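What follows draws every value from the coordinates through simple rules; no lab data is involved. Note that the coordinates shown come from a computational prediction; the quantities given were computed from them, not determined experimentally. Glycine gets a Cβ as well: all are built from the backbone with ideal geometry, and neighbour counts include every protein chain shown.
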Amino acid sequence: MTQPTRLRFGAFFGPYHPTDENPTVAFERDLQLIQWLDQLDFDEAWVGEHHSGGWETISAPEIMLAVAAERTRHIKLGTGVVSVPFHHPLHIANRLVLLDHLTRGRIQMATGPGLLMSDHHMLGLDGTRGRESWEVGMEAIVRLLTETEPFSMENEFFTLNDAQLQLRPYQHPRFPVVVAAGASPAGATLAGRYADGILTFGASLVNAPSSSKDYRRRTLNDIWKIAEESAEANNRTISREGWRFAAPIHLAETREQAFAEVRAGAGRWVKEYLGDTLGQPAPDLPQEEILDFMVENGRWIVGTPDDCVRLIESLTETSGGFGALLAINLDWAPLESVKRSYEMLARYVMPRFRGSLTGVQSSQRNVSARKEEYLATFNAAIQRAEDRLGNKAPAS
C-alpha cells in the first residue's frame with residue numbers, strides 16, 4: 001500500500017489546559033486556533049468530550065463546533081470523540097445531523113467508548129463495559145443515519161422504539177463516521193463493521209514490536225489488519241484515506257527553538273495530567289527531560305519542518321499509508337508560538353504531501369533551463385521597439 005496522493009492535515013483539541021489557567025480564556029484560545037487553521041487551509045479540526053480530570057474541559061463538542069463553524073469558512077469540524085456510552089444513540093445522531101445542516105456539510109463524527117473511568121463513575125456506568133455499550137450504540141447510530149424506515153432495538157444499555165431521524169443528513173448519504181482505535185481491538189473491529197475510518201492516537205504505536213504481549217502497544221499494522229478483516233467479514237471495504245493519525249506536533253525555525261518553546265509545557269502535561277491525574281505510565285525521568293525522551297522515541301514531532309517531513313515519511317513506511325495527520329494541541333507553548341508552528345506546518349510541510357508544489361517547481365525548473373534563451377528574446381524585443389520608434393517623444 002502506498003501513501004494516498006493527497007495527505008490531509010488537521011488538529012485535535014482534547015483540549016488540554018492546565019488547571020491553574022482561566023478556562024474561559026482557554027476556550028477562546030482554542031477557537032482562535034481553529035480560525036487560524038481555517039485561514040491556513042488545514043483540512044479538519046476535532047474536539048473531544050470529557051467530564052472530569054480538570055484538564056480536558058469541553059463536555060459538549062457539538063456546542064464548541066457550532067461556535068467554531070460561525071467563525072470559519074472551509075475547515076471540516078469533527079467530534080473527536082463523542083463518548084457513545086454516555087448518551088442515547090438517537091441524541092447523538094440528531095445533534096450531528098443538525099450540525100451537518102447548519103454547517104452545510106462540514107461535519108464529521110468520531111466516536112469512542114469514553115476514555116476517562118472517572119466519567120463513567122460519575123454517570124453510574126460500569127467502565128469495564130464501555131466498549132460493549134459503544135458497539136451496540138454504534139450499530140444504532142449508523143442505522144439511524146442510513147435507514148429511512150423506523151426500527152426498534154432493545155438491550156441492556158438503551159431502547160429504541162420505532163425510531164427514525166425526521167431530519168436526514170445534509171451530506172449524502174451521510175457525514176463521515178470515524179472510530180477511535182488503539183490499545184483495544186474493539187475500535188478497529190467497529191471501524192470495519194460500521195465506519196469510514198479510524199482515529200489513532202500516539203506515535204508510540206509506531207515503534208511497538210508486533211510480538212509485544214503488552215496490549216497497550218499494538219502496532220499500526222495490527223490495527224489496520226483488524227479493521228480490514230472486520231470489513232471483509234461484514235461485506236464492506238475500508239479505505240486508508242479515512243485513517244487519521246494524531247500526534248503532538250510543534251515546529252520552529254530551529255530544533256533548539258522548538259524544544260525551548262515546549263519543554264516546560266511538555267513535561268508538565270505528562271507528569272501532572274497523564275501521570276498524576278490519570279495514573280498512566282510516565283517516563284521515570286526529571287520533568288525537564290521528558291520532551292527529549294518522547295521525541296527520541298518517535299512519540300512526538302518537535303523540531304523543524306524537515307524533521308516533520310521525515311517523520312511523516314517514516315509513518316507512511318511503517319503503517320503502509322494513511323489519510324490524515326492531526327496535530328494534538330497540548331497547549332504547551334504561548335499562543336503566538338503555537339500559531340507560528342501551525343503556519344510553518346502549512347507553509348513548508350503540507351504542500352510536500354498535497355502535490356501542490358509539483359506545478360510551481362516544474363515551471364521554475366523549465367524556465368530556469370531556458371533562461372538565457374528567454375532573456376535574449378526579451379532583450380531583442382526591447383531592441384526591436386527602439387529600432388521602430390527610436391527616441392521620439394510622445395506628441396503633446
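Tabulated data for the structure shown
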read-out	value
Cβ-placed point charges (K, R +1; D, E -1), dipole of the stretch 278-322 about Cα centre in debye, nearest 20	220
C-alpha center-to-center spacing [the stretch 219-284, the stretch 130-206] in angstrom	22
Beta bridge orientation in the stretch 1-160: antiparallel %, DSSP, nearest 5	15
Sorted largest first, extent of the stretch 50-149 alpha carbons per principal axis (Å)	39, 39, 15
Helix 89-102 vs. the chain, principal-axis angle (Cα, 0 to 90°, nearest 10)	20
Highest to lowest packing among 320-332, 252-264, scored as the average C-beta count within 10 Å	320-332, 252-264
Assigned charges on the beta-carbon of Lys, Arg, Asp, Glu; the chain dipole about Cα centre (debye)	1480
Volume per residue of the C-alpha convex hull in the stretch 1-78, rounded to whole Å³	107
For the stretch 269-363, diffusion coefficient by Stokes-Einstein and Kirkwood Rh (Cα), 10 °C, 1.306 mPa s, µm²/s	102
Virtual spin-label span in nm between I382 and R347, 7 Å along Cα→Cβ	3.2
Proportion of all alpha-carbon pairs of the stretch 8-356 beyond 36 Å (%)	16
